[in-house]
1. Which percent of the accessible area of the chain is formed by carbon and sulfur heavy atoms (probe 1.4 angstrom)?
2. Check Val124: other-chain or 5+ apart residues with amide H under 5 Å from its amide H, H built from backbone geometry?
3. Given the pairs Lys97/Lys157; Lys97/Lys230; Lys53/Lys230; Lys53/Lys162; Lys157/Lys227; Lys136/Lys162, which are separated by over 32 angstrom at their Cα positions?
4. Tell me, what is the per residue accessible area of the chain in Å², probe radius 1.4 Å?
5. Please state the equivalent ellipsoid semi-axes for segment 105-157: what are the square roots of 5 times the Cα gyration tensor eigenvalues, largest first, in whole Å?
6. Looking at Gly181, Leu112, Asn161, which one has the Cα that reaches farthest to the positive end of the dipole of the chain (charges on Cβ: Lys, Arg +1; Asp, Glu -1)?
7. May I ask for the Kirkwood hydrodynamic radius of segment 100-220, worked out over all distinct Cα pairs and given in angstroms to one decimal?
8. Roughly what % of DSSP beta bridges within the chain run antiparallel, to the nearest 5?
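The values are calculated or read from the model by the stated rules, or taken from the named source; none is laboratory data. Quantities reported herein were computed from a predicted structural model and do not represent experimental measurements. As a convention, Cβ positions derive from the backbone with ideal geometry for all residues, glycine included, and neighbour counts pool all protein chains shown. Ligands, DNA and RNA are excluded from the accessible area calculation, which covers all protein heavy atoms including side chains. Shrake-Rupley method; radii C 1.70, N 1.55, O 1.52, S 1.80 Å.
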Amino acid sequence: MSDSINSNESADSVKETGQTIVPRKRREIKSFVLRQGRMTAGQQRAMDECWNKWGLELNDGTLDIAATFGREAPVVFEIGYGMGLSLAAMAGAETDKNFIGVEVHRPGVGSLLNEASTAGLTNVRTYNDDAVEVLKQCIPDASLSRVQIYFPDPWHKKRHNKRRLVQSKFIELLRPKLKVGGVIHLATDWENYAEQMMEVMSGAEGFSNMAGTQAYSPRPDFRPLTKFEKRGHRLGHGVWDLLFERIA
């Protein structure tokens, strides 16, 4: 993929994640590159009408998850949900769980809010911020049951690989936010990135590969199969899922 965030036509409608690492002088990790697209009328309307109901603010600091959702339930945290179609589908299918998404691109946030409103979802919330800062400032330790990072920007040119999100420092930041027994679920359609993900996760402290040493997992039923992934399968493209459990 080039520096354009949404040029990778992988899962979840070109998987508009934009969640990547870009070095900056004053911060070691940045989880995205900002390429704001034009908001549709429907997306803007959803932002205007639904943000106060489903939106979360970075400046509010540490999130009281039970109060936010009005209940205690397992929490699924998705980084870079793109247009939110998969996230909304999962929230609708797993109503026993609370879902928190993070997406920097306003059109995607507007799309998720529109989906949530149309479906009448009560178990999904979203930040429109940098996932790294949300993790640092808002997510309590040992509060997440599952973290999902699906089809992040692969930065496929070798000189850009250092910008990829899934690297050791990021996993170190993420680990304490998961409960012991919680799961990180990664998915990519770039084999080289899958190999890097496996290397990073296999070397990460406190995690165990749920599929066995150096093994990739079959796609779990809870991850929706998108139209782009179906097309990739027809063309013989691979998709790699990794599920690692926090054991310490």
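1. On the way: 5260 of 11170 Å².
Percent of accessible area from carbon and sulfur atoms in the chain: 47.
2. Those qualifying (amide H under 5 Å, at least 5 residues apart or on another chain) are Phe99.
3. Details: Lys97/Lys157 37 Å; Lys97/Lys230 27 Å; Lys53/Lys230 34 Å; Lys53/Lys162 37 Å; Lys157/Lys227 26 Å; Lys136/Lys162 21 Å.
Too far apart for the 32 Å limit: Lys97/Lys157; Lys53/Lys230; Lys53/Lys162.
4. Details: 11170 Å² over 248 residues.
Computed with neighbouring chains in place, this is 45 Å² per residue.
5. On the way: eigenvalues 91, 68, 27 Å².
So the equivalent ellipsoid measures 21, 18, 12 Å along its semi-axes.
6. In the chain, that residue is Asn161.
7. Every distinct Cα pair counted, the radius reaches 15.9 Å.
8. Values: 11 of 31 bridges.
If we restrict to bridges inside the chain, about 35 percent are antiparallel.
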